[in-house]
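The numbers here are math on the coordinates, done by the rules we state, and not lab data. What you see is a predicted model, and the numbers here were worked out from it, not measured in a lab. Backbone-built Cβ (ideal geometry, glycine too); neighbour counts: all protein chains shown.
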Amino acid sequence: MSKTNIRSDFPILATSSRGKPLTYLDNAATTQKPQCVIDKIGDYYATFNANVHRAAHEMAEKATAELERTRESCAKFLNAKSTNEIIFTKGTTESINLVANSVPLFSEKRRNIVISELEHHSNIVPWHLVAERHNLRVAAIGISDDGELDLNQARSLINDDTALVAITHVSNGLGVVNDVKAICRMAREHGALCLVDGAQSALHFPINVEDIDCDFFVFSGHKLFGPTGIGVLWGRIELLEKMTPWQGGGEMIEKVSITSSTYQQPPFKFEAGTPNIAGAVGLGAALKYLEQIDRDSLGKAQDSLVKNTTERLADMPGIKLIGNPNKRSAIISFLVENSHPNDIGTLLDQQGIALRAGHHCNMPLMDRLGIPGTVRASFSLYNDDSDGDRLISGLEKAQTFL
Ligand SMILES: Cc1ncc(COP(=O)(O)O)c(C=O)c1O
């Protein structure tokens, strides 16, 4: 039987903050780690710490096997055809930078990169850097005041001039779930590539890259109960084979002479240097943990907590919800009348409630909405009604100080 009560697996949730029991609602920034992930990382350093792929000894063999097992788990997690399509990176940001620097995008004809107003800076800035270098144009699909992508505008922006469309699956600022399948279809109809940023979706939805029909899918381990410093780029093997490595060094080569080098096949061609072995081992433990819990029923409980909390916030005097998506993931953004989001963050922090206030690396989105930032409560599978209650009572108390 898979687990339906997981809170006690996360030791940090039983601790306190500012002398109060911790209510952790900053899961979009990073999730907490279950004991099994913490133990697994400790176990690696205590019992089989070794470099991978090269040394001929037992510990190196074990470390290599664990790292490659995680690659297999990632392939299964994403429904990828082959482990060769799974590249380990530092996280979502590095995965996107890898694509931006390696993909053979830039023909004479295709001069546009299409993103959206919902993107995190890590799915904007790498494209600016590439655009500056290759004299390309970055254009963004706009949103409605509710935060929904304007699919009509998408249809006109994505055209035969488009080299690549890079779109987030779930907005980290507003919690909007995008119809990425529709966007990828538009890209494909015009022969453009499509990258899906899964940083905020990989934990909350079953991911099937074949069904989404994207060319690249990226996510970070730390947002799905794994450690920081490890993430994944999934790419179609035909594309990965054509792409040039963006970093050179050990491990990624086939042959090196003083004047030239040849490279390994994917994924190793993109993994220069010693990888984050402890991170990969920890990510493997996190993916195994996700298989052991009942994600479906935990997800339903989380969705009803988010829905209920959204409704309670909407009913509270002085609270203005920001974004009103048809389909919301586990993120609620709001403003409190007559106050700056940062002040609300501080007043909640004093009560042991950890959440985020500010622009959430979404400056273009905040500009579009005409606000400096929001207060953002983001939930995960271990949050329960007590967290929703504490957020509401914490806000009521904060309002008395304004
Ligand atoms: C939608 C989205 N994309 C990208 C990122 C960047 O992830 P990382 O900092 O793990 O690379 C984040 C982080 O919050 C995010 O929410």
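How large, in Å, is segment 38-291 by the Kirkwood hydrodynamic radius built from its alpha-carbon pairs?
18.8 Å
Given a cut-off of 26 Å, what percent of all Cα-Cα pairs of segment 286-402 lie beyond it?
Roughly 22 percent, rounded to a whole number.
Under the Karplus relation 6.51 cos²θ - 1.76 cosθ + 1.60, θ = phi - 60°, what is the ordered set of whole-Hz ³J(HN,Hα) values for segment 162-168, x standing for Gly and Pro?
Per residue, the Karplus-derived 3J(HN,Hα) values read 7, 8, 8, 10, 10, 9, 7 Hz.
To the nearest Å, what is the center-to-center distance of segment 87-147 and segment 310-339, using C-alpha atoms only?
29 Å
Based solely on its DSSP helices, what 222 nm [θ] is calculated for the chain when runs of n ≥ 4 H residues each add -39,500 (n - 2.57) and the sum is averaged over all residues, nearest 500 deg cm²/dmol?
-11500 deg cm²/dmol
With a length cut of 20 Å (Cα positions projected on each helix's long axis) and a Kyte-Doolittle mean of at least 0.5, go through the chain and give me the DSSP H helices that pass.
Helices meeting the span and hydropathy rule in the chain are 277-292.
Using 24 Å as the Cα-Cα cut-off, could you pick out the over-long pairs in LYS81/LYS181; LYS62/LYS288; LYS90/LYS223; LYS3/LYS76; LYS223/LYS320?
LYS223/LYS320
From the alpha carbon gyration tensor of segment 1-81, can you work out the equivalent ellipsoid semi-axes (sqrt of 5 times each eigenvalue) and give them in Å, largest to smallest?
That gives 32, 18, 12 Å for the three semi-axes.
Under 16 Å from the Cα of LYS20, which lysines turn up, not counting those fewer than eight places away in the same chain?
By straight Cα distance, LYS20 reaches LYS397.
Counting other beta carbons within 10 Å of each residue's own, what order do GLU271, GLU189 fall into, fewest first?
Placing the least packed residue first, the sequence is GLU189, GLU271.
Where is the GNM fluctuation largest for the chain (alpha-carbon springs, 10 angstrom cutoff): THR89, THR259, THR47?
Most flexible of the set in this elastic network: THR259.
In what sequence do LYS320, LYS255, LYS269, LYS33 fall when counting other Cβ within 10 Å, fewest first?
Going from least to most buried by this count: LYS255, LYS320, LYS269, LYS33.
Rank these for me by crowding, ARG7, ARG54, ARG110, going from fewest to most other beta carbons within 10 Å.
Least to most surrounded, the residues fall as ARG54, ARG7, ARG110.
Return the single residue from TRP127, TRP234, TRP246 with maximal mean-square fluctuation; model: Gaussian network over the chain, springs between Cα atoms under 10 Å.
In this elastic network of the chain, the residue with the biggest mean-square fluctuation among TRP127, TRP234, TRP246 is TRP246.
Only bridges whose two residues both fall in the chain count here: according to DSSP, what percent of them are antiparallel, nearest 5?
The antiparallel fraction comes to roughly 60 percent.
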